[in-house]
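A short write-up of the structure that comes next.
The values are calculated or read from the model by the stated rules, or taken from the named source; none is laboratory data. Just so it is clear, the model here is predicted, and its values are computed rather than measured. Cβ sites come from the backbone with ideal geometry, for glycine too, and all protein chains shown count toward neighbours. For the accessible areas, the whole protein counts, side chains as well, though only heavy atoms, and no ligand, DNA or RNA atoms are used. Shrake-Rupley method; radii C 1.70, N 1.55, O 1.52, S 1.80 Å.
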Amino acid sequence: MDAVRIYGGKSLSGQTRIQGSKNASLPILAATLLIDGICEIENCPDISDVYHMLRLLESLGCQVSREKNHIRVDTGGVAAHDMPSDSVGVMRSSIMLLGALLARMGAVSMEYPGGCVIGKRPIDQHLCALRRMGVEIVEGREEFCARASKLHGAVHELPFVSVGVTENLVLAAVLAEGETVIHPAAREPEIQALCEFLLKAGAEISGVGTDRLVIRGVKKLHPVRFRVPADRIVAGTYLTACLCAGGSVFLEDAPCEQMQSVLACAERMGAGLTVWPDGLFVEGRACNRLEEVLVTEVYPGFPTDLQSLFMAAMALSGQGGQIEETVFENRFRIVPELCKMGADITVEGNRAHVRGGGPLHNTIVEAKELRGGAALVVAALAAEGTGIVRNRHFIDRGYEDITLSLRELGADIELA
Ligand code: EPZ
């Protein structure tokens, strides 16, 4: 079955290594299109979103080989610029190939990536910004065609911070004529990793890690070997597993320096955290003394991708809390499923009020998307009885093997 079975009510004890970052790997794989030759990407997570990205690169003529977390991409044979709709539709991150393909091939045709349960996920800002760089875009009902004989730099004063738009513009700008300014640029660590990959390949980028990126186009980039940093969202996921179930765990390679807002929230909720050079030691159960108020924000604020995970922890903690989701318009799809487990959560617009205290009881629940699915698994660890989380394929998009990792942390969990 496409599910996970959890025998709840057991505290955790153990350690697991945090996988490479999904949201850093995807734009870096797209960036290999800018380099004529062979790039080696290390510590790439073995997840379905990466598989779909590799399929897209192969459909464009790249030679791709993979040994677990080590990926080799030879873009010497890139010839096509039409992307197969089955992969574009499955994975929104295909939009990230837009900027790189325009820079490499001068043309792209692709279906609209479409929305998902967490929001409409429009690409209007991507298209509007690329037009400023000399891209002609003809939009149809189902797909659009973009062409640019030569991309030129532009000053982008964006209406709001967008991770994907920032990534696409960086990819379009590194080989463009002239200088490109992106402001406000997203500052997520995944964008910093993309810039570090491109700098290593010979790009000229300044302002990395700030909200103002300046890219001076160069003639050519050269092949590189690059190691993807650890995934801060996966680390935060297993941190909340311990918050919910109690016990103590060690998260090897957890990128703590990228998780300050998450660690602060976890400590307010009762977690005992010790940051080590090689990872994060977590102990304790969610028992926040004060009602927690959590607002999702762009980096370095609290990440929207951990909102569902901390909602589960709040439902189990002493005083519960309030959550305001400011990034996506529909990211509370987990609420009905947590309520099936006995949680008491009310939603008003982009705010959720979580009454704490638990206990939760396990039952059959359904994952509707990636992070909500992971949050249901984490909640089930602390709930009474045996639970089933269906639609595991959503979780497999971003977690290498959530059952193996949680078993390493002492959970009683299995594929179902
Ligand atoms: C990236 O999505 C991540 N995905 C998301 O992670 C993450 O939640 C999000 O950034 C915010 O941090 C990847 O990196 C592959 P945005 P992205 O553009 O780039 C709106 C996960 O769980 N918008 O910063 O799509 C958009 O609808 C995933 O790993 C427009 O309106 O996020 C959203 O409301 C989920 N028009 C807001 O901006 C546009 O043209 C921020 O989205 C583009 C975006």
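Quick notes on this one:
- For region 300-360, the orientation-averaged shadow of the C-alpha convex hull comes to 3.8 nm² (one quarter of the hull surface).
- When the Cα positions of T210, G247, I323 are compared along the charge dipole of region 208-357, T210 comes out farthest toward the positive end, with charges on each C-beta of Lys, Arg, Asp and Glu.
- Counting only Cβ charges, +1 for Lys and Arg and -1 for Asp and Glu, the dipole size of region 196-250 around its Cα centre is about 360 debye.
- Point-charge dipole on Cβ atoms (K/R +1, D/E -1) for the chain, about Cα centre, debye to 20: 180
- On Cα atoms only, tilt of 48-59 relative to the major axis of the chain in degrees: 20
- A Cα-only calculation for region 303-416 places Rg and Dmax at 13.2, 38 Å.
- Relative to the longest principal axis of the Cα atoms of the chain, the long axis of helix 370-382 makes an angle of roughly 20 degrees.
- The residues of region 353-400 present an accessible area of 32 Å² per residue when probed at 1.4 Å with all protein chains retained.
- Rolled with a 1.4 Å probe across the full set of protein chains, the surface gives Y299 an accessible area near 40 Å².
- Percent carbon-and-sulfur accessible area, region 292-416, ignoring ligands, DNA and RNA, probe 1.4 Å: 48
- Sites Y7 and D344, calculated FRET efficiency, Cβ-Cβ separation with R0 25 Å, nearest 0.05: 0.55
- Relative to one another, the C-alpha centroids of region 209-243 and region 93-132 are positioned 20 Å apart.
- Note on the chain: Cα convex hull, mean projected area over all directions, 17.9 nm².
- Region 293-328 and region 170-187 have Cα centres separated by 31 Å.
- Using only side-chain charges placed at the Cβ, +1 for Lys and Arg and -1 for Asp and Glu, the dipole size of region 279-366 relative to its Cα centre rounds to 240 debye.
- In degrees, nearest ten, helix 189-200 long axis to first principal axis of the chain (Cα): 30
- Rounded to the nearest 500, the 222 nm mean residue ellipticity of the chain from helices alone is -9000 deg cm²/dmol, with -39,500 (n - 2.57) taken per DSSP H run of at least 4 residues.
- Excluding ligands, DNA and RNA, the accessible surface per residue across region 139-298 is 41 Å² with a 1.4 Å probe.
- Projecting the Cα atoms of A264, V295, A146 onto the charge dipole of the chain (Cβ charges, centred on the Cα centre) puts A146 farthest toward the positive pole.
- C287 - accessible surface, heavy atoms, 1.4 Å probe, Å² rounded to 10: 60
- In this calculation the C-beta distance from D124 to E67 is compared with R0 = 51 Å, giving a FRET efficiency of 0.85.
- For the pair E204 and Q15 in one chain, pulling the backbone fully straight at 0.36 nm per residue adds 64.1 nm over the alpha carbon distance.
- Percent accessible area from carbon and sulfur atoms, region 137-208, protein chains only, probe 1.4 Å: 50
- Relative to the current alpha-carbon distance between C287 and D36, full extension at 0.36 nm per residue lengthens the span by 85.0 nm.
- Cut-off 15 Å, label 7 Å out along Cα→Cβ of H393, residues of region 1-21 by amide N: 1-4
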